[in-house]
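Step one of this worksheet: look at the structure below.
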Amino acid sequence: MAFGEQPAYLRVAGDLRKKIVDGLLPPHTRLPSQARIREEYGVSDTVALEARKVLMAEGLVEGRSGSGTYVRERPVPRRVARSGYRPAGGATPFRQEQADTSVRGTWESSSEQAEACATVAERLAIQAGDRVMCTRYVFREAGEPMMLSTSWEPLAVTGRTPVMLPEEGPLGGMGVVERMRAIDVIVDNVTEEVGARPGLAEELHLLGGVPGHVVLVVQRTYFASGRPVETADVVIPADRYRVAYHLPVR
């Protein structure tokens, strides 16, 4: 193979991808069989199989048991807004968005005490094994799962206070800033790092994805005078949503 020349399976996958994008192979159309790909492109069975694997990994096609491989419906990405703005009454960004009557959003959550793993402990500047409150969320739009979130708060900060459970009590659901303020912890900074990775099996099961789908992960941490008081992983399916930031100019 000459320098810069693509392997045969990538060239075949690229041609099939172009046909899908251009609409020559529209959604729900059966992808040419392995034998047909072999004949049409003059390649081996191995090359034809690897080309199909590439398209599946990219989420362009899906296998149907006993039926073959079909072009997937390509969703139009929707926006998930991230903003530093908070109304005087207090609310999380998701709850602000759901206040729009044109959006039908719901969520469910569960909290439990746990020991901080090494990664969470580093993010919260505590010791591995220290007690934290772990809260898991599933957010839905019009009944469709659209976002997951897992948050951790050090019980050294919130333990034995009215805000120990993020979704219960007088300030349940009001968001980290307002809840912390109620116990005289003033949040003055928040950081978010956005990355992408293949979704974990349990994440894709909850989000309605298939193995190999990529998710966006927003790693968020709230600080009070330099001390981390909450950290969370927000998981969003990359093929259905885009993360949009609205940053105030100071």
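Enter the angle in degrees (range 0 to 90, nearest 10) between the Cα long axis of helix 8-21 and the first principal axis of the Cα atoms of the chain, meaning the one along which they spread out most.
70 degrees
How compact is the chain by the rule of thumb for globular proteins, expressed as Cα Rg over 2.2 N^0.38 Å?
1.27
Of the candidates Gly212, Gly173, Gly14, which one comes out as most mobile in a Gaussian network treatment of the chain with C-alpha springs shorter than 10 Å?
Gly14
Under the rule of -39500 (n - 2.57) per DSSP H run of 4 or more residues, summed and divided by the residues of the chain, what mean residue ellipticity at 222 nm is obtained, to the nearest 500 deg cm²/dmol?
Theoretical 222 nm ellipticity from helices: -7000 deg cm²/dmol.
Top to bottom by accessible area (1.4 Å), largest first, where do Lys53, Lys19 land?
Lys53, Lys19
Loop only by DSSP, 16 or fewer other Cβ within 10 Å of the Cβ. Give me the trypsin sites (Lys or Arg not before Pro) in the range 128-198 that pass, ordered by residue number.
Qualifying residues, ordered by number: Arg160.
Might you tell me the accessible area per residue for the chain, computed with a 1.4 Å probe and given in Å²?
Spelled out: the 1.4 Å probe surface of the chain, per residue, equals 56 Å².
Build a GNM of the chain with springs between Cα atoms under 10 Å: which of Pro170, Pro77, Pro154 gets the top mean-square fluctuation?
Among Pro170, Pro77, Pro154, the largest GNM mean-square fluctuation belongs to Pro170.
Using DSSP to call loops (not H, G, I, E or B), can you name the chymotrypsin sites (Phe, Trp or Tyr not before Pro) in the range 1-82 whose Cβ has at most 15 other Cβ atoms within 10 angstrom?
Hits after loop and neighbour filter: Phe3.
Which order do you get for Ser33, Ser225, Ser151 if you rank them by accessible area with a 1.4 Å probe, largest at the top?
Output order, biggest surface exposure first: Ser225, Ser33, Ser151.
With all protein chains present and a 1.4 Å probe, how do Ile37, Ile186 order by accessible area, largest first?
Ile186, Ile37
The values are calculated or read from the model by the stated rules, or taken from the named source; none is laboratory data. Since the structure is predicted, the reported quantities are computational estimates derived from the model, not experimental observations. Please note: Cβ atoms are built from the backbone with ideal geometry, for glycine as well, and neighbour counts cover all protein chains shown. Heads up: the accessible areas ignore ligands, DNA and RNA and are worked out on the full protein's heavy atoms, side chains in. Shrake-Rupley method; radii C 1.70, N 1.55, O 1.52, S 1.80 Å.
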